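J.: I have a structure I would like to understand better, so I am pasting it below and will then ask my questions one at a time.
The values are calculated or read from the model by the stated rules, or taken from the named source; none is laboratory data. Everything quoted here is computed from the prediction, not taken from an experiment. Virtual Cβ from ideal backbone geometry, glycine too; neighbours counted across all protein chains shown.
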Amino acid sequence: MEEKGRFIKEIFRNQQNGYTVAVFELEESKVHQEITVVGYIGEIDKNARYSLQGDYVENPRYGIQFKMESYKKLMADNKEGMIKYFSGVQFKGIGPVFAERLVNSLGLDAIEKIKNNTDILDEVPSMTTRRKKAILEGLKQEADEAVIFLTSHHISLKNVFKLKHKYGNDLLEIMKTDPYRVIREVEGIGFATVDKFALDVGFEKDDINRLTAYSESLLMSLCMKNGDTYLELNEFIKHLNKNIGQYVTDVYKIVERLVMYRLAYVEEDRIYHISQYDAEVYIAKYLALFPEQHLKDVDAITAGNAISTVQDNLSITYDQDQLQAIMSFYENDLMIVTGGPGTGKTTIVKAMIKTSELLYPDYNINLVAPTGRAAKRLTELTDCEAKTIHSLLLWDKETGRFAKDENDPLSVDILIVDEFSMVDQYLFYNLLKACASLKKLVIIGDVDQLPSVAMGSVLKDLIESELFEVIELDKIYRQKEGSDIIYLAKDIKNEEVIEIPTDNEIRFFECEKTDIKDITLQIVEHALNKYETLEEGFMNVQVLAPKHKGVNGIENLNVALQKKFNPYSKNKRQLQVGYKTFRLGDKVLQLKNQPDDDVYNGDIGIITEIIFASEDYNNQNRIIADFDGRIVEYTYDTFSNLAHAYCMSVHKSQGSEYPIIILPMSLEYSIMLQKRLIYTAVTRAYKSLIFVGQKEAFFKGIAGKEMSLRKTTLKQRLIAEVDFYEQR
């Protein structure tokens with residue numbers, strides 16, 4: 001239904017997405033004189049009349065409200081209203097006296113007359129250049145015109161406000177002339193969104209800007225698919241011919257445009273997305289010249305004395321290999337420490353930190369890791385605060401950029417990065433850009449684990465360049481609980497597994513793939529019984545699988561585990577989000593970084609509260625989750641950041657350890673059965689490792705051919721840069 005009225009007051013407004021609760025005075029309403037209106041709306045003009053489309057709803061807590069689906073601003077239909085309009089805040093320097101003169105001269109349809117012919121303003125008495133400019137600028141700022149136009153052509157209000165934040169008064173002109181530029185200029189708005197809009201407003205499928213934008217998107221998605229930082233140019237040309245060949249006679253011209261607009265870079269027979277090319281070049285130059293400033297020299301005797309003091313303080317004695325690694329820290333500006341679980345990586349890191357506090361008391365030391373759980377674990381093991389890389393660099397979700405960069409760098413002298421195998425090339429690039437004053441860099445990681453989800457193979461490239469000091473830890477120090485798991489991981493790495501050891505720490509319940517799910521449920525139930533509460537059990541028992549789809553895939557296992565351990569109850573709240581049902585008490589996984597809430601990709605939490613829209617003042621469903629004391633609220637815009645975590649992917653588990661890991665093994669996982677993936681899964685357990693399924697799948701995986709190596713040129717670029725500077 002339609003209601004017409006004027007704005008009276010604002011009760012609530014979400015500045016990020018425009019969701020508003022406001023009171024309106026209605027005209028000729030048969031229901032109410034004043035009503036609370038809820039919905040998405042642009043900047044409200046207090047002098048304007050509005051037509052509101054929607055329906056009345058009854059909120060149990062707040063009473064009758066008008067739930068607005070759409071709206072439009074109505075022009076004033078009387079002289080007084082028009083004078084108020086033209087003397088409003090958007091018309092700078094135009095007061096009521098001149099506004100009345102303008103309305104007297106042009107009439108009640110003044111707005112339409114001005115839009116049709118701006119020169120008509122010259123007919124208004126006492127018109128000046130300044131006043132004319134103010135009137136035209138004010139009309140240009142008409143916010144609702146952009147909102148109505150864009151939302152009527154498939155752009156969500158959330159994205160409209162994001163676009164307005166970026167382009168301001170130029171938004172409509174940009175969207176009507178070259179909407180595809182938005183893809184590269186506004187974070188979070190992709191080709192599909194813009195293309196749907198553009199085609200709807202009349203852009204042709206063979207529009208050159210459309211084809212260019214599509215090709216950039218295609219290049220990025222093809223690289224992301226395998227984690228490559230470039231494609232063979234001929235391969236990319238084949239994809240272009242297949243996908244847009246019907247619209248353009250020569251796809252090489254599209255490649256030329258990608259290069260011309262710095263969307264891609266062609267080097268020899270390779271084509272890079274510009275973000276990856278810039279990242280690779282920057283990393284190579286930075287590390288080739290690193291560091292520009294050195295820490296003060298520390299001789300062997302002074303370092304040895306500091307190490308002795310730390311040994312006394314920590315009641316520990318380092319062996320010869322560990323002492324060599326710690327001394328190497330003082331001998332090298334950049335060093336890499338790599339090794340499997342139980343080889344003492346964290347012990348050495350802690351020694352580096354404690355000796356640095358003695359020898360470099362005036363220097364800033366920062367510890368970072370790529371995920372929240374990895375950072376938390378590093379903090380616990382070293383007794384020093386560790387942050388996620390996103391938190392250190394101050395990620396801004398509104399702009400999609402880091403606040404800390406080369407223009408506003410960090411004050412950090414010594415940087416230690418843990419779980420580096422998870423760090424992709426673009427993230428490392430952003431980290432280095434913010435470290436202009438860095439004097440010592442220590443990289444910690446297990447090169448045999450899975451590489452980063454995003455593009456690049458940075459740890460492997462740095463090691464294989466042979467340009468930096470690499471400490472390879474092989475000796476296993478953990479001799480107590482979990483040591484059998486460590487030795488199994490070592491045997492997997494060295495391809496020396498003859499039989500799976502079965503003892504108190506490692507078990508293999510052999511069964512057919514059709515029985516894997518049921519037996520997994522039984523094992524999880526038995527494992528949870530070891531803990532006092534179900535919640536405690538959930539946080540210590542983790543099922544991992546390599547694949548999302550399939551009978552024994554992550555999605556199916558999550559449904560079964562939820563049904564078994566957190567079943568439906570009429571007394572327990574639940575909320576349907578797409579095909580997922582989130583229920584009070586569910587174990588959930590964070591899928592994206594949300595630095596503002598201090599939760600990150602891979603964090604695990606428990607749903608503690610569900611609020612239905614009918615109970616919420618803003619008419620929004622809400623899910624509240626507890627991530628180890630960090631309470632995070634999710635609404636429609638962020639529901640997609642949550643998934644169930646009873647079972648999760650091996651990739652998502654990186655950076656975390658669990659007392660009990662349960663690992664289904666099925667031949668249906670096919671190409672996902674790889675040595676590196678199984679090795680990573682095994683190393684997540686530190687007390688108990690339980691396999692369920694087909695031993696044939698396990699042995700096929702650890703003996704199988706690894707997925708093809710990622711295509712990168714960081715190693716070659718590093719070597720070339722170092723050679724270049726050495727020859728100068």
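J.: Residue 570: closer than 24 Å to residue 59 by Cα, out of contact with any Pro (no Cβ under 8 Å at 6 or more places or on another chain), of a type outside the set (S, T, N, Q) and assigned to a loop (DSSP other than H, G, I, E, B), yes or no?
T.: So residue 570 fits the description; yes.
J.: Also: Could you name every one of the strands (runs of 3 or more DSSP E) located completely within segment 634-712 that has at least 3 residues being farther than 23 Å from residue 566 by Cα, out of contact with any Cys (no Cβ under 6 Å at 6 or more places or on another chain) and assigned by the TED database to the domain that holds residue 510?
T.: Qualifying strands (runs of 3 or more DSSP E): 685-693.
J.: In segment 220-234, what count of residues is obtained for those that are charged (D, E, K, R), closer than 18 Å to residue 451 by Cβ and at pLDDT 95 or above?
T.: 1
J.: Report the residue count in segment 291-318 for those that are under 39 Å from the mean Cα position of the chain (by Cα) and either acidic (Asp, Glu) or outside the structural domain of residue 469 (by the TED database) (or both).
T.: Looking only at that region, the number is 1.
J.: I would also like to ask the following. How many residues, within segment 195-233, are in a loop (DSSP other than H, G, I, E, B) and at negative phi?
T.: 9
J.: While we're on this one: Do the conditions hold for residue 404, that is, is it over 28 Å from residue 486 (Cβ atoms) and in contact with a His (Cβ under 8 Å, 6 or more places away or on another chain)?
T.: Here the answer is no, as residue 404 does not meet what is asked.
J.: Residue check: is residue 231 touching a Cys at 6+ places or on another chain (Cβ under 7 Å) and either touching a residue at least 24 places away in the same chain (Cβ under 8 Å) or within 27 Å of residue 641 (Cβ to Cβ) (or both)?
T.: Spelling it out, residue 231 is indeed touching a Cys at 6+ places or on another chain (Cβ under 7 Å) and either touching a residue at least 24 places away in the same chain (Cβ under 8 Å) or within 27 Å of residue 641 (Cβ to Cβ) (or both).
J.: Identify, from the list 378, 431, 427, the residue that is within 25 Å of residue 332 (Cβ to Cβ), modelled with pLDDT under 95 and part of a helix (DSSP H, G or I).
T.: 378
J.: Another one. Within segment 569-590, how many residues are of a type in the set (Val, Ile, Thr) and buried (at least 21 other Cβ atoms within 10 Å of the Cβ)?
T.: So the answer is 1.
J.: Report yes if some residue within segment 381-400 is hydroxyl-bearing (Ser, Thr, Tyr), over 23 Å from residue 449 (Cβ atoms) and out of contact with any Phe, Trp or Tyr (no Cβ under 7 Å at 6 or more places or on another chain); otherwise report no.
T.: Scanning segment 381-400, I find at least one residue that is hydroxyl-bearing (Ser, Thr, Tyr), over 23 Å from residue 449 (Cβ atoms) and out of contact with any Phe, Trp or Tyr (no Cβ under 7 Å at 6 or more places or on another chain), so the answer is yes.
J.: Quick one: residue 527 ticks every box in (1) within 31 Å of the chain's Cα centre (by Cα); (2) in contact (Cβ under 8 Å) with a residue 60 or more places away in the chain bar one, so which box is it?
T.: (1)
J.: Let me confirm something: among 24, 91, 86, which residue is in contact (Cβ under 8 Å) with a residue 24 or more places away in the chain and closer than 23 Å to residue 151 by Cβ?
T.: When all the criteria are applied, what remains is 24.
J.: Still on this structure, please answer the following. What number goes with the only condition from (1) within 27 Å of the chain's Cα centre (by Cα); (2) over 12 Å from residue 644 (Cβ atoms) that residue 577 does not pass?
T.: The number of the failed condition is (2).
So that you can scan it fast, the table gives a plain yes or no per residue for (1) modelled with pLDDT of 85 or more; (2) farther than 30 Å from residue 19 by Cα; (3) in a helix (DSSP H, G or I):
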{"position": "127", "(1), (2), (3)": "yes, yes, no"}
{"position": "131", "(1), (2), (3)": "yes, yes, yes"}
{"position": "148", "(1), (2), (3)": "no, no, yes"}
{"position": "160", "(1), (2), (3)": "no, no, yes"}
{"position": "165", "(1), (2), (3)": "no, no, yes"}
{"position": "173", "(1), (2), (3)": "yes, no, yes"}
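J.: Can you find, within segment 441-500, the residue that is nearest to residue 229 (Cα to Cα) among those that are among the small types (Gly, Ala, Ser) and in a loop (DSSP other than H, G, I, E, B)?
T.: 456
J.: So, residue 566, is that one farther than 28 Å from residue 489 by Cβ and either touching a residue at least 60 places away in the same chain (Cβ under 8 Å) or surrounded by 15 or more Cβ atoms within 10 Å (Cβ to Cβ) (or both) or not?
T.: Yes: the conditions hold for residue 566.
J.: Which of the residues spanning segment 291-328 are among the hydrophobic types (A, V, I, L, M, F, W, C), in contact with a Lys or Arg (Cβ under 8 Å, 6 or more places away or on another chain) and in a helix (DSSP H, G or I)?
T.: The answer is 310, 314.
J.: Separate question: Restricting to segment 431-462, count the residues that are buried (at least 24 other Cβ atoms within 10 Å of the Cβ), over 24 Å from the mean Cα position of the chain (by Cα) and under 30 Å from residue 685 (Cβ atoms).
T.: Total meeting the criteria: 2.
J.: It is to be established whether one or more residues within segment 45-66 are touching a Ser or Thr at 6+ places or on another chain (Cβ under 6 Å), surrounded by 14 or more Cβ atoms within 10 Å (Cβ to Cβ) and within 20 Å of residue 162 (Cα to Cα).
T.: no
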